[in-house]
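What follows is a short report on a single structure.
Throughout, read-outs are computed from the coordinates displayed, never taken from laboratory work. Because the structure is a prediction, the values reported are computed rather than measured. Cβ: placed from backbone, ideal geometry, glycine included. Neighbour counts: every protein chain shown.
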Amino acid sequence: MSRGPRRLLLAVNPSASFGRNRSVGPATARRLEAEGYEVTVLRADNFELLRREVQAAFEAGTDGLVVVGGDGMVSLGVNVLAGSPVPMGLVAAGTGNDLARALGLPHEDPEAGIDALVEALRRPPQSIDLGLMQHGGLRTWFACVLSAGFDAVVNERANRMARPRGPSRYTIALLRELATFRPRRYAITIDGVRRDQAAMLVSVANTPSLGGGMRIVPHADLADGVLDVFIVHPLSRIGLLGVFPRVFAGEHVDHPAVEFVRATRVRVEADDIIAYADGERVGPLPIEVEVVPAALRVFA
């Protein structure tokens, strides 16, 4: 094995993708051990216990942390490693897998994801930007997208749904929320300039997609030192329904109700909105976000 990381932590979410990919964690461990790595496998009965185990193992020392799962596991890894020199590897085995998409990693085939990880471990890590959120006295990092509008409301509903078990949950949740959704009043401060406006959707993106490939900001770049604010101005429900199918292909960018603004710091305020980031529930607005360039090293 070439020079590089030898001691790896492997954090596994056995319930990723609703348990369909339960075998991926053990398969990853076997492959890494066969490649000559010293692997410490970390599992727990719930997400918070796993986070504590990963934090403790990281503080004890390691050459890298590999997470197996979806964007929830990405969130766990990012919030342990942000600002440290220890890189993160990823085997995408979740529902959304949007960071894997942004990094050009396999996002629908965990076996190919394991192969890609092994190859990436042989190369120097690359650095990517992260978003840092300040909310309710807390500081939380995210890698992909902060949702603070219709997309967040859809996420809240989708996370309450037991079925279907896959990305189509987001589509069904979207259609159900669409029946009653109205534009919200926002105060959005972008690099010190405040605007008070109504909007259907407000997101702050570091990567192109959320929710399993919805390409809300097709031009977003993980390493350009800025975030991209995505705003959908008020539309009728029929109008919004017309925009959303185009979002999956990234074909909405020229729609007259769609606006993109590049930013390094954003504050979003509104009533009755629970924000989400990397698919995880953050909490109610207001939230302030800033980009931190090259905050995370990744094996990719």
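Among ALA92, ALA34, ALA173, which one moves the most in a GNM of the chain with springs linking Cα atoms closer than 10 Å?
So, out of ALA92, ALA34, ALA173, the one fluctuating most is ALA34.
Multiply the residue gap between GLU119 and ILE274 by 0.36 nm, knock off their C-alpha separation, and tell me the result in nm, one decimal place. Please report the intermediate quantities before stating the final value.
On the way: separation 155, 0.36 × 155 = 55.80 nm, distance 3.88 nm.
Extra length from GLU119 to ILE274 when fully extended: 51.9 nm.
FRET efficiency for VAL39 and ALA187, Cβ-Cβ distance as r, R0 = 45 Å, nearest 0.05?
Working: r = 48 Å, r/R0 = 1.06.
Step by step, r from the Cβ atoms, then E = 0.40.
Can you pull out the GluC sites (Glu not before Pro) in region 63-131 that DSSP calls coil and that have at most 13 other Cβ atoms within 10 Å?
GLU108
If I stretch the segment between ALA112 and ARG157 completely, what's the gain in nm (0.36 nm per residue apart, minus their alpha carbon distance), one decimal?
Details: separation 45, 0.36 × 45 = 16.20 nm, distance 3.15 nm.
Fully extending the segment from ALA112 to ARG157 adds 13.0 nm.
Using the beta-carbon distance between ASN46 and ASP254 and R0 = 30 Å, what value does 1/(1 + (r/R0)^6) give for FRET efficiency, to the nearest 0.05?
After rounding to 0.05, the efficiency reads 0.10.
Would region 124-235 count as rounded, prolate or oblate if I go by the C-alpha gyration tensor, calling it rounded below 1.5 in a/c and otherwise prolate when a/b exceeds b/c, oblate otherwise?
Oblate, because a/c is 1.5 or more while a/b does not exceed b/c.
Let me check I've understood the local charge: for LEU227, count other residues with C-beta under 13 angstrom from its C-beta, Lys and Arg +1, Asp and Glu -1. What total comes out?
Residues near LEU227 contribute -4 overall.
Placing +1 on the Cβ of each Lys and Arg and -1 on the Cβ of each Asp and Glu in the chain, which of LEU296, HIS107, VAL253 has its Cα farthest towards the positive end of the resulting dipole?
Selected residue: HIS107.
Based on alpha-carbon positions alone, could you give the equivalent ellipsoid semi-axes of the chain from the gyration tensor, as √(5λ), descending, whole Å?
The answer is 33, 20, 17 Å, longest axis first.
At a threshold of 8 angstrom on Cα-Cα distance, excluding pairs fewer than six apart, so keeping six or more, what relative contact order does the chain reach in percent?
Contact order relative to length: 21 percent.
Share of antiparallel DSSP beta bridges in the chain, in percent to the nearest 5?
Antiparallel bridges: around 75 percent, rounded to the nearest 5.
Testing the spin-label approximation: label points 7 Å from Cα along Cα→Cβ at ALA223 and ASP63. State their distance in nm.
Calculated label separation equals 2.2 nm.
Checking the a/c ratio against 1.5 first, then a/b against b/c, what shape does the Cα gyration tensor give for region 99-166?
Oblate, because a/c is 1.5 or more while a/b does not exceed b/c.
Give, in nm to one decimal, the length gained when the segment between SER236 and GLU288 is fully stretched (0.36 nm per residue of separation minus the Cα-Cα distance).
Working: separation 52, 0.36 × 52 = 18.72 nm, distance 2.86 nm.
Once the chain is fully extended between SER236 and GLU288, it gains 15.9 nm.
Using the Cα centre as the reference, give the magnitude of the dipole from point charges on the C-beta atoms of region 7-123 (Lys, Arg: +1; Asp, Glu: -1; all else neutral), rounded to the nearest 20 debye.
Numbers: 11 positive and 15 negative charges, 14 e Å.
With Lys and Arg at +1 and Asp and Glu at -1, about 60 debye.
What does the charge dipole of region 227-300 about its Cα centre add up to, to the nearest 20 debye, if the Cβ of each Lys and Arg holds +1 and the Cβ of each Asp and Glu holds -1?
Dipole about the Cα centre, nearest 20: 160 debye.
So, R0 is 35 Å and r is the distance between the beta-carbons of ARG30 and SER168; what FRET efficiency does that work out to, to 0.05?
0.65
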